[in-house]
Structures are given as structure tokens and as C-alpha cells.
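The values are calculated or read from the model by the stated rules, or taken from the named source; none is laboratory data. Here the structure is a predicted model, which means the values were calculated and not measured. In this analysis, Cβ positions are derived from the backbone assuming ideal geometry, glycine residues included, and neighbour counts consider all displayed protein chains.
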Amino acid sequence: MSDFKVPMRDMQFVMDDVLSFNAHFERLGQGDVASPDIVSAILEECSKFCENVLAPLNASGDEEGCTWNDGEVTTPAGFKEAYQQFVEAGWPSMTHHPEMGGQGLPESLGTMLSEMAGSANWSWGMYTGLSHGAMKTIDLHGTEEQRNTYLTKLVEGRWTGTMCLTEAHCGSDLGMLRTKAEPDADGSYKISGTKIFISAGEHDMAENIVHIVLARLPDAPEGTKGISLFVVPKFLPNDAGEVGERNGVNCGSIEHKMGIHGNATCVMNFDGAKGFLIGEPNRGLNCMFTFMNAARIGTAVQGLAHAQIGYQKSLEYSKDRIQFRALGGVKNPDAAADSIIWHPDVRRMLLTQKAFAEGGRMLIYFLSQLIDIENLSQDEEEKKEANGLLAFLTPIAKAFLTEVGFEAANHGLQCFGGHGYIKEWGAEQNVRDSRISMLYEGTTGIQALDLLGRKVLMSQGEMLKRFTKIIHKFCKEHESNEAAKEFVEPLAALNKEWGDLTMHIGLTAMENQEEVSAASCDYLMYSGYITLAYFWAKAALVAADKVDGSEASFYKSKIKTARFYFQRILPRTNSLAITMKSGANNLMDFEIEEI
């Protein structure tokens, strides 16, 4: 069994062939800092770190886990040293402002770094990933003093960040939270309450941890309109901006979990901890969405990571494992049996993983381009369009890619047969680690309601049309291309049906609002399958233009994988359309005692 390898060739295909990243950087004025040579060097060095440092710690980190002792958390052996290498190499600062010590590179390159690190060792990658959201929140909503105090240390990687939302009695319903923030005479606030499920809330890898905390002011209105946002450091910065006295926040315990054992999931107790208001009073949830949206895209990367590692492990195993003779004829006459990769059902599982991993990569890199446009474009209309597309596609990416990432991880385990259930192969860890991705940062159901209810219906379909217009334009452009017919015709038909189904749900919801919730998860998955179909169609047409070149096998594989996706996976939309139209009654007609 081979060790983890960064899928560099496929990353290059998406960047160069499908999404034209070089032209993208040039257009945004980043051609010098993100030239092809510089980007290639960055990705190559990051891949070495991920393959040689992070990947070897994945299984051992899972086996050892984190340990808690009197409020202190010790990470698995090697995690702290790997983080020090990460900081010394300057990786945390790559995409941040030069005035805060950053390197000023486009955000999209940071997404690629996150993919590589997450695929190599998701538990370790979470310690660095959460800092990114904390930095963005402070940068966009914090005061100048807060930016100067916290951002430089976070950018350096000397300090890390967290997000503290959930409480024992409220998960996604943040309007119920009880953590209090009482004004102090010096302009700060005393934060009191308990937060649970705080990833990387306590650890030994950095010298300070900056918590971004939701809490209520004494005179706050009820519900989500009465939530404010605060920065609460583990150690209060001293006059020199360095680590000072210990604040009144501590880790009460860590959770014993199904997976991601190498990352500490903490119960955090705030006992009159000194906190500082971020943004306006009672507008904390608006500010927190900056963090939450960054985390949702990060979790979409997790779906890709688990699909990729499951595919990589099971592909290698399927080539080596011999069982039975191939039904189409003997493939290896010198062995007692043929490799299982010759069996159609094994190929079904391998190709499903491949289609989701490589399709998911195209979607995530497209999202990263939209973030670049938001951050760097000088055209306000272009920025507005990118923001609208990003808002629409984020819940699809988060929920759909984590759902199919878990499916892919399960297929990966299944390819191993009984060996997949054994720890030494790593397939069962991949399944366990991937399961959380559908839960945190908003469950699939929450994302589905956000997509259908808030993004689509509340905008009267305008946010949906931003993306369906892109698909429509693509299909029109290639409708006369005979070679593209097998992809363009079904995509165009589904694109139209997408709008028709949306209209149907909207009309039925006018009579019964539960129709939205009843249809939402199916709607999200339906949307995800069409979204990936667009990228696979795009990839197939790009590959068709290059299939006669020096890498014929690579490009033929792209066309064949697109064909597999359209013929074997995309038809799932048919059943989803039926279930959406079946309505809410088959769910809600039950009395409670009948369920």
C-alpha cells in the first residue's frame, strides 16, 4: 500500500485546463506574485510537507488522540513539531495582507494548501484552518486596535483561532444561546458561559489561542437579533502585544469521538473572561457569518479530501488484490486469480470516488476564484456577481460534497472487503473522520434550508438564475458540437427542470410552508448533481481538445469519467425530482405516536 500522494496532475488540470488560473490571476493584477513558476513552486513545496510530514502522522494521531489534564490539552506526538515547521516555512501568512505580515498571495492558493493538508491529515489541518476564519472576521469587522493586536500574531501562526458558537442546549438554533457579556469599566466585557464542540479550543501547538465568541449583552433582545460577537484570548496581550496574563477561559474537558481523534474537540468554560466587542452590539451573528462561510467552504474541502484519500487507497489496493477470474477473460494467467479492479462492481465504486473527488475539486477551485474576485477585483459589478454566486454555491458545496465525500469514503472501505474494517489499511479511519463533515458548520438539513428557503425562494429565484445562466450559456455555446452532445443535451434539460422544480416547490409552499423543508434536502442534492455535471461537461470538452497530444491516456480518462458521471450518477436526479414532488404529507401526516 503506497503512502499518500498529492494529486498534483489533476490539480494542474483543473487550474490550467478547466479554470484558466493563470489568466484569472493576470486579470486581477496578480500575475507577478502568482506567476505559473511561483504557483508551481508553492504547490510543490507544500506537497512535500504534506506527504513527508503530515501524512505519516495521520494514523498515529488517530491511534494516540489528544489527552486532557487539568485544563491542558496535549496533541498527538509529532503534531506540535509539524506545526512549528509549518510556521517556520511561512505557510500561515501566504494569503494575508503584507501590512499584517502576510505574503499577499491570492486566497485560491490557500484553498489548494488546505486541500493538500486536509487530505494528508484532516485532524492536524483543522488547527490551522480555523485560524483563517478568525483572521478574516477580525480583519473585516474588528477595530484598528484589534487588527494590530491580533492579526499579526495570527498571520505569523504564533497564535491560533477558534469559533465558539454552540452551547449544550442550542446547536444550530443560536437564538437560544445564554452566554453573557457584561460591560466592564475599561470598555471590555466579562464573558461568562460554556461552549461545547469547540474544535482546537485548547492545545499545545501555539503560544496563544484567540476565541471568537458569541454572547448576549444584558439589554439584548431575544433571539438572534440579540447576539453580539467578542474576541476572547486565552492569554491577554500585554503592552508589547505579546502573551500576558491568563484570561478567565479554560478547557473543562475534551470529547471522546467517533473520528478526528487528533483534533481536540473541547468544552470551553468562560468564567468572567475579558472579552472585546467585535462590530456593533447585537449584530454579532452578521459578523460571525464571515467566519461561518469560510468554515463552510473549508468543510466542503473536507468532503473532497475524504473522497480523494478513499479513492487513492482503494485504487492501489484494487490493483494489487487478486480474487476470482475476470468474467471477461483471464487477465493475469501467471497468478491464481485476477486483480479485483477487473470486476465491474469494484470499478463502479472506484469510479464513483474518482468522479466525486475530481468533480468536487473543480467546484471548490471555482469557488476559490470567486473569493479572489471578491477580494481583488476593481469592478464593483463583477464583485457583486461573484458574491451572489458564492452565496448560492456555498451551501451546495458544503452539504453536497460532504455527503458524497462520505459516500466515497464508504466505497473506499468496501473495495477492501473485510480488510477495510481493519485499522492498518486506513480506510475505516477515513470513514470515521469523514462522518463529522455532514454535521458541523451546519448540518446537511440546515444547509438545505438555507439554499432553498433563504437563497432561492426568498430571492424569487434570482440567486439560482445566476448559476443556471452560466450553464445555459455553456450549453448554447456547444449545442452544435456533435462530440459534446452526450453531455450538453442532458445538462441543458436538467438545467431547465431545475427552474421548473423550483417554481413547483415555491407554489406549493404558498399553501403549506412545510413543503420547503420537506423538499429541501432532496433539492440540495439534486442541485449538487447538476452543479458537478456542469463541471464534468466542461472538463470533457477541454479534454477532447487535448486527447491527441502527449498525455492521451490522461485526457481520455477525463472524457470517460465524465461519461460515467452522466450515465451512472447524474440519473439520481430523476428519483430526487419524484421525491420532491411527492410533497410534505407523506412526512407530516403521522401522529407522533405513529412514528
When you look at G223, is it of a type outside the set (S, T, Y) and out of contact with any strand residue (DSSP E or B) (no Cβ under 8 Å at 6 or more places or on another chain), yes or no?
-> yes
Meets criteria (within 24 Å of the chain's Cα centre (by Cα) and over 18 Å from I569 (Cβ atoms)) for S520 | yes
Condition check for Q369: polar (S, T, N, Q), over 19 Å from L350 (Cα atoms) and either in contact with a Leu (Cβ under 8 Å, 6 or more places away or on another chain) or crowded, with 22+ Cβ neighbours inside 10 Å (or both) | yes
How about the range 1-37: which of its residues are crowded, with 16+ Cβ neighbours inside 10 Å, of a type in the set (A, V, I, L, M) and more than 24 Å from K546 (Cβ to Cβ)?
-> L28
Any hit, the range 216-225, residues being part of a strand (DSSP E or B), on the phi < 0 side of the Ramachandran plot, in contact with a helix residue (DSSP H, G or I) (Cβ under 8 Å, 6 or more places away or on another chain) and not basic (K, R) = no
Would you mind finding the one in S557, S553, S575 that is hydroxyl-bearing (S, T, Y) and more than 28 Å from the chain's Cα centre (by Cα)?
-> S553
Counting just the residues of the range 434-477 that are of a type outside the set (A, V, I, L, M, F, W, C) and in contact with a Phe, Trp or Tyr (Cβ under 8 Å, 6 or more places away or on another chain), which one comes out nearest to A357 (Cα to Cα)?
-> S434
Does at least one position in the range 254-263 carry a residue that is of a type in the set (S, T, N, Q) and either surrounded by 21 or more Cβ atoms within 10 Å (Cβ to Cβ) or assigned to a helix (DSSP H, G or I) (or both)?
-> yes
Starting from the range 197-210, keep only residues that are closer than 13 Å to E72 by Cβ, then list their pairs with residues that are among the β-branched types (V, I, T) and assigned to a loop (DSSP other than H, G, I, E, B) whose Cβ atoms are within a distance under 7 Å, requiring at least 6 positions of separation or different chains.
-> H203/T75; D204/T75; M205/T75
Can you name every residue in the range 86-109 that is small (G, A, S) and either surrounded by fewer than 19 Cβ atoms within 10 Å (Cβ to Cβ) or modelled with pLDDT under 95 (or both)?
-> A89, G90, S93, G101, G102, G104
Residues being within 30 Å of N430 (Cβ to Cβ) and not in a loop (DSSP other than H, G, I, E, B) - total across the range 82-123 | 25
Filter result for D345 (at pLDDT 95 or above and not in a helix (DSSP H, G or I)) = no
Those helices (runs of 4 or more DSSP H) completely within the range 483-595 that have 1 or more residues that are crowded, with 19+ Cβ neighbours inside 10 Å are 485-511, 514-544, 552-564, 572-581
Total residues in the range 539-555, condition touching a residue at least 12 places away in the same chain (Cβ under 8 Å) and either of a type in the set (A, V, I, L, M) or touching a helix residue (DSSP H, G or I) at 6+ places or on another chain (Cβ under 6 Å) (or both) | 9
Look at A215 and say whether it is in contact (Cβ under 8 Å) with a residue 60 or more places away in the chain, farther than 21 Å from L285 by Cβ and among the hydrophobic types (A, V, I, L, M, F, W, C).
-> no
Mind listing just one residue for me: the one in the range 426-479 that is assigned to a helix (DSSP H, G or I) and among the small types (G, A, S) and, of those, nearest to C164 (Cα to Cα)?
-> S437
Pair list, Cβ under 9 Å, 6 or more apart: the range 1-30 residue among the small types (G, A, S), other residue part of a helix (DSSP H, G or I) | S2/Q312; S2/K313; S2/E316; G29/L376
